[in-house]
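Engineer: Quick one: the structure is below, questions incoming.
The values are calculated or read from the model by the stated rules, or taken from the named source; none is laboratory data. Treat the numbers as computed from the prediction; the structure is a model and nothing was measured. Positions of Cβ are backbone-derived with ideal geometry, glycine not excepted, and every protein chain shown enters the neighbour counts. The area values use the complete protein model at the heavy-atom level, side chains included, leaving out ligands, DNA and RNA. Shrake-Rupley method; radii C 1.70, N 1.55, O 1.52, S 1.80 Å.
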Amino acid sequence: MAMTTPVINKGGSKMSFVMPSDYWEDTAKSPTPMTRDVTIEESDMVADSSTLAVMWFGGYATKEEVEKRKKALVSMVEANEEWDLVQPGGDPYLLQYNDPFQPPWKRRNEVVAAVKRTPAASGATGPAAAAEV
């Protein structure tokens, strides 16, 4: 099977690969992993929102660089009156698009977090607006 992009990292403990769309409807048809430490799971990384805040950056995604970018993304969303993080205090995802041999000046990485419009930005007011959030 060809390599798919992006490779998705959440919290450094789990790495996920996006299967080709041929397998999205029925994961039972997915190829069998070659080792027991690899599992096939269905996942919806943005289950609570269809909108993402995204920050792109190049170079190597070192631990220090990723943490810096995640903090910057969260700070920008928190500073914006129109958007809220779906999971305040949550850890944004890291998406990496290149093979390990790609030179740093050609690499693409992103940190992403699910966001939602604030009640004020969506025009909702009063108790009903608080219940929707």
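Engineer: Could you tell me the accessible area of S43 in Å² (1.4 Å probe, neighbours in place), rounded to the nearest ten?
Structural biologist: 100 Å²
Engineer: Next up: How big is the stretch 30-82 by Rg and Dmax over its Cα atoms, in Å?
Structural biologist: Every Cα atom of the stretch 30-82 included, Rg and Dmax give 16.3, 48 Å.
Engineer: Which of the aspartates and glutamates could be linked to K68 by a straight reach, that is with a Cα gap under 13 Å, when you skip same-chain ones fewer than 8 residues away?
Structural biologist: D91, E110
Engineer: Additional query: Starting from the Cα of K63, draw a straight line to each of the lysines and keep only those under 24 Å, dropping any in the same chain fewer than 8 residues away.
Structural biologist: K10, K14, K71, K106
Engineer: Probe 1.4 Å, all protein chains in place: accessible area of V74 in Å², nearest 10?
Structural biologist: Estimated to the nearest 10 Å², V74 gives 30 Å².
Engineer: Related question: Using heavy-atom solvent-accessible surface (probe 1.4 Å) with all chains present, what is the largest-first order of V38, V77?
Structural biologist: V38, V77
Engineer: Also, quick follow-up: Compare D37, D91 by solvent-accessible area with a 1.4 Å probe and give them largest first, with all protein chains kept in place.
Structural biologist: Ranked from most to least accessible, the order is D37, D91.
Engineer: Using a Förster radius of 22 Å, what is the FRET efficiency between V54 and M34 based on their Cβ-Cβ separation? Nearest 0.05, please.
Structural biologist: 0.10
Engineer: Heavy atoms of the protein only, probe of 1.4 Å, neighbouring chains included. What is the accessible area of R69 in Å², nearest 10?
Structural biologist: 60 Å²
Engineer: Sorted by accessible area with a 1.4 angstrom probe, largest first, how do K116, K71, K63, K14 fall?
Structural biologist: Largest to smallest exposure gives the sequence K63, K71, K14, K116.
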